[in-house]
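**Student:** Would you mind keeping the following structure in view while I ask a few things?
The values are calculated or read from the model by the stated rules, or taken from the named source; none is laboratory data. All figures in this text were calculated on a predicted structure; none of them were measured in a lab. No Cβ is skipped: glycine too gets one built from the backbone with ideal geometry, and neighbour counts run over all protein chains shown.
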């Protein structure tokens, strides 16, 4: 529950941030990747935090969660971010050089794929906070 809530809140915040920054409502940000905050980081850190509370920090399952969280966050800020940068460059090439080849035009690559380290850190903090709040809420039920 904490992980899904972490993902949902991070995605909802993306919609809100786009609304504030660009002055338009873009519901596609609710399912899109990239942007602030990282929903991948929020998802895995909420899961890891909830697992720490449920199983303890010395449990093997918590260790697995930590490893998965670091792999996901590294990938989001490293590999996927570079993929987005490459897409920007290729889209520029298509727009500038591809004008002479109509079969290439119109096939834009998705540029907003990865995250900056700051977006990953904010998503991770958000996930930890959501994991803690979810745990506190579940104790009261």
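**Student:** So which of 105, 73, 36 is part of a loop (DSSP other than H, G, I, E, B), within 13 Å of residue 123 (Cβ to Cβ), modelled with pLDDT under 95 and touching a helix residue (DSSP H, G or I) at 6+ places or on another chain (Cβ under 7 Å)?
**Tutor:** 36
Yes/no matrix, rows are residues, columns are (1) assigned to a helix (DSSP H, G or I); (2) touching a helix residue (DSSP H, G or I) at 6+ places or on another chain (Cβ under 6 Å); (3) exposed (fewer than 12 other Cβ atoms within 10 Å of the Cβ); (4) at pLDDT below 85:
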| position | (1), (2), (3), (4) |
| --- | --- |
| 5 | yes, yes, no, no |
| 13 | yes, no, no, no |
| 28 | yes, no, yes, yes |
| 69 | yes, yes, no, no |
| 87 | yes, no, no, yes |
| 94 | yes, no, no, yes |
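**Student:** Here are 61, 57, 9: which of them is over 12 Å from residue 127 (Cβ atoms), assigned to a helix (DSSP H, G or I) and either free of Cβ contacts under 8 Å to residues at least 24 places away in the same chain or touching a helix residue (DSSP H, G or I) at 6+ places or on another chain (Cβ under 9 Å) (or both)?
**Tutor:** Values: 57 fails: assigned to a helix (DSSP H, G or I); 9 fails: over 12 Å from residue 127 (Cβ atoms).
Criteria check complete, one pass: 61.
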